[in-house]
Amino acid sequence: MEETKITKGEQTRQDLLAAAKRLFLRQGFTATPMRQIAHEVGITPGAIYNHYSSKDELFTAALQDSAPYDEVFTLWNNMEADSVEDLVRKMFRASLAYATDHQNYLQLALIDAQERDGVALAALLPEVLLRIQAWYQRLLALDAERGQARLRGVPFLVFVRTLLSLVIGFMLTQRVATPDRVPEVAGIDWAEALADLFLHGVLRPPARDVEGATGT
């Protein structure tokens, strides 16, 4: 099969994106001037603006290019599960494994949050919420099929933020609490642990609530 050839302009655009990503990861957004990105690619600084109107646009493109959303949500949507618990546990396991393989995205996301007030992340938010909403509907459907209606009436945005906080928080602390520093972490199934906390919380319900739920 004949390979599709890209134009010189498209190649330059791709080279700019790759160079910008490397430099942003190494130096951050503020400390990376456009002239340095141009030098990396071998073009004049002014030539960048034939492809990207500003450094902000270039950074947003770099973040979006690194975003694993399509792959993550494809994984989520293709999961087979018989219960809410099963689906949530599989989601955490797949998400943590995938996030571990996409550390560059996490680093760029942190740079965006710290140096740009999360502008690029906010641009991605509507699509992310839409996709999580579709997955959340699967949870509701699984719950309804069992006739149990056990999902609490937690506002959807609280549900999403808690979910993302657990995954992202784990990735951040994973860099600090490494097995060589904290040997005990090596023996923990973190996906299972986070899923359990997400599903059931930390405190057991008061005895009266348990009695009321069982009808005794």
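Rule-based calculations on the coordinates, nothing more; no lab input. Bear in mind that the values here come from a model prediction, so they are computed numbers and not experimental data. Positions of Cβ are backbone-derived with ideal geometry, glycine not excepted, and every protein chain shown enters the neighbour counts.
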Mind giving me the FRET efficiency for THR7 and GLU71? R0 is 30 Å, r the Cβ-Cβ distance, nearest 0.05 is fine. 0.65
Magnitude of the charge dipole, the chain, Cβ model with Lys/Arg +1 and Asp/Glu -1, debye to 20: 500
Apply the Karplus curve 6.51 cos²θ - 1.76 cosθ + 1.60, θ = phi - 60°, to the phi angles in region 39-53 and return the couplings in whole Hz, x for Gly and Pro. 4, 4, 8, x, 10, 6, x, x, 5, 4, 6, 6, 10, 9, 6
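Order the peptides 20-26, 150-156 from the highest to the lowest mean number of other Cβ atoms within 10 Å of their residues.
Output ranking for 20-26, 150-156: 20-26, 150-156.
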Excluding residues fewer than 8 positions from LYS5 in its own chain, the lysines with Cα under 29 Å of it are LYS21, LYS55
Take ASP15 and TYR98, extend 7 Å from each Cα along the Cα→Cβ direction, and tell me the distance between the two endpoints in nm. 3.3
Under a point spin-label approximation (7 Å from Cα along Cα-to-Cβ), what is the GLU57-ALA141 distance to one decimal in nm? 4.0
Over 23 Å [Cα-Cα, the chain], rounded percent: 59
For region 114-131, Karplus-derived ³J(HN,Hα) couplings (6.51, -1.76, 1.60; θ = phi - 60°; whole Hz; x for glycine and proline) come out as 7, 9, 10, 6, x, 4, 5, 5, 5, 5, 7, 4, x, 5, 4, 4, 4, 6
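Assuming R0 = 41 Å, can you tell me the calculated FRET efficiency for the pair ALA123 and ARG204, based on Cβ-Cβ distance, to the nearest 0.05?
0.50
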Extreme residue, positive dipole direction of the chain, given options ALA195, HIS39, PRO126 (C-beta unit charges): HIS39
Got a sec? Which residues in region 96-126 would a label at LEU157 touch, if it sits 7 Å along Cα→Cβ and we count backbone N under 13 Å? 126
